[in-house]
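The values are calculated or read from the model by the stated rules, or taken from the named source; none is laboratory data. It should be emphasised that the depicted structure is a prediction, and the values quoted were computed from it without experimental measurement. Here the Cβ positions follow ideal geometry from the backbone for every residue, glycine too, while neighbour counts run over all protein chains shown.
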Amino acid sequence: MRIFKTSIFIFAIILLIGCRGDHSTKPPIHPNPNMDSQDYFKAYSVNTFFADSSAMRMPVEGTIAQSETFGNVEFLTGKDHAGNLINDPIFMTVDMADRGKDRFDIYCAVCHGPKGDGQGNIMKYKYPIPPTSFQQDWLIEQPDGHYFDVITNGIRTMPSYKHQIPVEDRWAIISYVRQLQEEAQ
Ligand code: HEC
């Protein structure tokens, strides 16, 4: 029995000594490698598997960087590829006007008034610059893209609403503004 205990003790000592972190060029013991170490190529190295012998591959066709805008430029900016403001785009439909009214009453009416005549509640509090009335010819003649731009980026003393109002809702609001303008004619 005593020999047994002694041999366990010696064995434990050897084991512990073995664990002392001596410098070694060999990799540490790794009983279950899983997929931890795999073959890989360094950047710019050669890989004859591919026709161009380059280990580095191009992103697959159609890959879009996160910083690039997705989808339709006109929808997202209110401008065409040449940078001109668009008018009456196909994605802005009269059906959106209901949703537009809902959003307009939340975001715009307080300043521009529920009818868009510039007489919102804010005028009772002596807002220094009267919000523009949408019933003016010069504004009616502006393309839809201008309205989109104003909501997105603000204009002069009007703040930007791009963080509050998603793109689709901005178009819905414009659809409703057009309806208000027609009703006022
Ligand atoms: C905090 C008040 C306020 C809110 C809310 C507001 N506006 Fe305005 N808006 C203004 C003021 C003030 C002006 C006039 C800016 C100036 O001339 O300095 C203006 C101007 C405008 C114009 C005229 C731009 C031009 O060409 O001169 C449009 C179009 C417009 N707003 C649309 C909207 C829409 C759509 C909403 C809702 C999404 C909205 N505004 C919300 C205050 C507001």
Restricting region 130-142 to residues that are outside any helix (DSSP H, G or I) and surrounded by 12 or more Cβ atoms within 10 Å (Cβ to Cβ), the residue that is farthest from the ligand (Cβ to nearest atom): Gln135
Kindly check whether there is at least one residue in region 122-129 that is assigned to a helix (DSSP H, G or I), within 10 Å of the ligand (Cβ to nearest atom) and either crowded, with 19+ Cβ neighbours inside 10 Å or of a type in the set (D, E, K, R) (or both). no
Given Lys162, Lys101, which one is touching a residue at least 24 places away in the same chain (Cβ under 8 Å) and in contact with a helix residue (DSSP H, G or I) (Cβ under 8 Å, 6 or more places away or on another chain)? Lys101
Identify the residue in region 157-171 that is farther than 15 Å from Gly145 by Cβ and in a helix (DSSP H, G or I) and, among all such residues, is farthest from the chain's Cα centre (by Cα). Asp169
Does Asp117 fit the bill of being more than 7 Å from the ligand (Cβ to nearest atom), part of a helix (DSSP H, G or I), acidic (Asp, Glu) and surrounded by 13 or more Cβ atoms within 10 Å (Cβ to Cβ)? no
Check region 151-163 and report whether any residue there is more than 9 Å from the ligand (Cβ to nearest atom), touching a Lys or Arg at 6+ places or on another chain (Cβ under 6 Å) and more than 17 Å from Gln185 (Cβ to Cβ). yes
Which condition number in (1) over 28 Å from the mean Cα position of the chain (by Cα); (2) within 22 Å of Gly78 (Cα to Cα); (3) part of a helix (DSSP H, G or I) is the one that His146 fails? (1)
Scanning for something touching an Asp or Glu at 6+ places or on another chain (Cβ under 6 Å) and either in a loop (DSSP other than H, G, I, E, B) or at negative phi (or both), does region 47-55 turn up at least one residue? no
Just one listed residue, out of Asn72, Asn87, Asn153, is out of contact with any helix residue (DSSP H, G or I) (no Cβ under 8 Å at 6 or more places or on another chain) and modelled with pLDDT of 95 or more, and it is Asn153
Evaluate the following for Ile174: is it assigned to a helix (DSSP H, G or I) and either at pLDDT below 95 or within 11 Å of the ligand (Cβ to nearest atom) (or both)? yes
